[in-house]
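J.: Attaching a single structure in structure tokens format; questions to follow.
The values are calculated or read from the model by the stated rules, or taken from the named source; none is laboratory data. Everything quoted here is computed from the prediction, not taken from an experiment. Don't worry about glycine lacking a Cβ; one is built from the backbone with ideal geometry, like all the others, and counts go over all protein chains shown.
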Amino acid sequence: MVQDHNSKSRPSETPPGWMGVVAGMGAAAVALSFGQFIEGATDVPGLVLGVGEWIIDITPGWVAERSIEDLGTAGKGNLLEGITVVTFLLAAGLGSLALRRGTRYGVAGLAAFGLLGGFATARNPQSPAITSWIWSLVAAALGIVTLAFLLQRAHATAKAPEPDDLPSPLNPPHSRRAFLGWGAGAGAVALTGIGAGRAVAGKSAAEIAREATVLPTATAAPSSSTTSRTTTIEPATDALTGRVASITSETFDDITGLTPWVSPSDDGQFYLIDTALHKPEIDPADWKLKFTGMVDNPFELTYDEILAMDLVEDTITLSCVSNEVGGSLVGNAVWTGVPLVDLLERAGVQEGATQVVARSVDDFTAGFPTEVLFDGRNSMLVVGMNGEPLPIRHGFPARLVVAGLYGYVSATKWLEEINLTRWEDFNGYWVNLGWAKEGPMKTMSRIDVPHNRTRIEQGVTPVAGVAWAPTRGITAVELSIDEGPWVPCDLAVPGSDETWVQWKLEWDAPPGVHALQVRAVDGNGDLQPLGPRAVAPDGAEGWHHILVEVV
């Protein structure tokens with residue numbers, strides 16, 4: 001018998017473990033990319049997005065609060081990335097197991113993955129349930145086919161002769177290099193699916209409709225805050241220096257680094273906190289707002305009917321309950337819409353209906369006491385923000401804005417239903433996760449300029465920031481330097497008690513490291529709480545302080 005000197009038999013027919021890892025990850029890549037393609041081509045969310053939404057819904061309140069504190073608005077993006085990484089790690093382990101123990105283990109694992117994906121995506125209220133199940137199972141089937149094919153290639157490689165170290169222009173058909181080529185092919189298919197999904201997505205019907213919408217000019221006068229005022233506040237006086245703080249009708253927007261009076265809605269300066277991993281994109285032609293529950297006259301409104309009403313325009317500050325002392329989860333915008341009290345009067349609120357519950361198209365809910373709508377504050381069904389139709393990320397086509405309440409109990413985006421019920425009969429989304437049921441906004445003040453732990457030049461320099469206490473308003477802001485006396489700051493008050501106030505103080509800064517601290521007094525004469533108090537369960541308390549080095 002003549003031995004072929006150009007090849008030799010493998011001592012074992014068991015493929016190396018890394019081939020199982022490649023097979024599993026290739027199968028996961030194909031399945032996930034198909035899900036991304038379907039997400040771009042249809043209303044069905046991808047597998048990663050669907051699982052992410054499910055995870056958010058089952059996340060305990062303290063975990064969500066910690067995520068917001070530590071990660072901010074990037075937390076949800078990190079969640080999707082984390083789900084993807086974990087999926088690939090599990091798939092790698094699954095592929096390795098299937099290589100050693102049999103393909104059936106891989107089939108079972110990927111089938112379970114498809115069932116989880118179907119369950120998670122079908123939960124999305126905007127996704128057709130049956131379609132979601134079908135596409136998720138198809139994605140799993142494609143993963144199973146890919147896994148079985150790559151495992152077959154791996155076993156064929158183990159049985160094939162291995163080339164010796166002599167150079168050769170050709171590779172054996174079952175070499176390890178050929179297997180890596182098949183694995184790379186699975187990756188190429190996955191990348192093609194992702195690219196195709198993005199290509200077919202294009203602009204959504206919501207984006208097209210929003211771009212075509214011309215927001216009518218507000219014609220009706222807004223309602224007044226119960227403590228509304230213009231510039232008739234008694235100015236604060238520093239008893240030690242005799243300095244009197246001035247109150248003007250001008251903004252301080254010319255101070256570099258100071259938060260502008262109106263937060264732009266299109267460049268990320270107005271904060272974004274919600275439970276949606278993918279912002280709902282609603283075609284207003286297919287949308288209606290329902291008024292239901294304990295009302296005498298339930299009714300529905302289309303988007304065009306809302307735009308045809310007498311719209312009001314008012315500036316209102318909103319804040320997230322998770323905003324820490326000195327945090328940025330607060331914004332001030334000019335809102336355009338219809339007074340909510342007018343719509344509820346049309347519905348006819350029944351006696352005993354002590355809670356207004358708002359529901360979004362993705363089933364987020366928020367509830368607040370009915371009585372707050374009749375104390376004079378502005379509460380609006382909003383269709384416009386800063387003179388334009390609501391951006392999709394801020395709730396297009398309609399949302400709620402209620403002055404003086406934290407967003408988690410009032411500022412529902414992508415609104416679908418307003419339901420009147422009893423206070424004790426329903427808890428909103430965040431209440432069931434451990435947050436307080438009532439969410440009145442607390443008095444807060446913040447130093448924007450200079451930034452914490454920065455170096456500035458000695459001499460006269462502005463110290464400036466914002467303070468807010470809707471619907472009580474701000475009557476004074478005071479600054480203390482190096483734990484010295486509290487000095488009244490100048491206020492710019494172009495709005496009402498429902499907005500924040502810009503403040504400033506010209507400081508003759510001497511060399512050295514200095515500690516600056518700010519506090520505010522609300523329209524009721526109450527001093528901002530000293531704190532410290534954490535954001536959970538009903539908002540942070542404390543005086544903002546910074547350190548600066550003057551050179």
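J.: Looking only at the range 477-490, decide whether some residue is assigned to a loop (DSSP other than H, G, I, E, B), among the β-branched types (Val, Ile, Thr), closer than 25 Å to residue 270 by Cα and in contact with a Lys or Arg (Cβ under 8 Å, 6 or more places away or on another chain).
T.: no
J.: Taking the range 432-446 as the search range and keeping residues that are closer than 24 Å to residue 498 by Cβ and of a type in the set (A, V, I, L, M, F, W, C), which one is modelled with the lowest pLDDT?
T.: 435
J.: Another question, if that's okay. For the condition touching a residue at least 24 places away in the same chain (Cβ under 8 Å) and farther than 15 Å from residue 367 by Cβ, what is the one hit in 402, 449?
T.: The unique qualifying residue is 449.
J.: Which pairs do you get when a residue that is under 16 Å from residue 335 (Cα atoms), found in the range 300-313, comes within reach of a residue that is of a type in the set (A, V, I, L, M, F, W, C) and buried (at least 20 other Cβ atoms within 10 Å of the Cβ), reach meaning Cβ atoms under 6 angstrom, with the pair 6+ apart or on two chains?
T.: Cβ pairs passing all conditions: 306/383; 309/338.
J.: Within the range 372-380, is there a residue that is closer than 21 Å to residue 210 by Cα, touching a residue at least 40 places away in the same chain (Cβ under 8 Å) and assigned to a strand (DSSP E or B)?
T.: yes
J.: Further, regarding this structure: Among the residues of the range 451-466, is there at least one that is assigned by TED's automatic domain parsing to the domain that holds residue 526, touching a Lys or Arg at 6+ places or on another chain (Cβ under 7 Å) and more than 30 Å from residue 511 (Cα to Cα)?
T.: No, every residue in the range 451-466 fails to be assigned by TED's automatic domain parsing to the domain that holds residue 526, touching a Lys or Arg at 6+ places or on another chain (Cβ under 7 Å) and more than 30 Å from residue 511 (Cα to Cα).
J.: Residue check: is residue 505 surrounded by fewer than 21 Cβ atoms within 10 Å (Cβ to Cβ) and assigned to a strand (DSSP E or B)?
T.: So residue 505 fails the test.
J.: Residue 368 is checked against (1) modelled with pLDDT of 95 or more; (2) touching a Ser or Thr at 6+ places or on another chain (Cβ under 8 Å); (3) surrounded by fewer than 24 Cβ atoms within 10 Å (Cβ to Cβ); (4) under 25 Å from residue 444 (Cβ atoms) and fails just one. What number does that condition carry?
T.: (3)
J.: Being modelled with pLDDT of 95 or more and more than 18 Å from residue 318 (Cα to Cα) is the filter here; which residues of the range 534-549 pass it?
T.: Those that are modelled with pLDDT of 95 or more and more than 18 Å from residue 318 (Cα to Cα): 542, 543, 544, 545, 546, 547, 548, 549.
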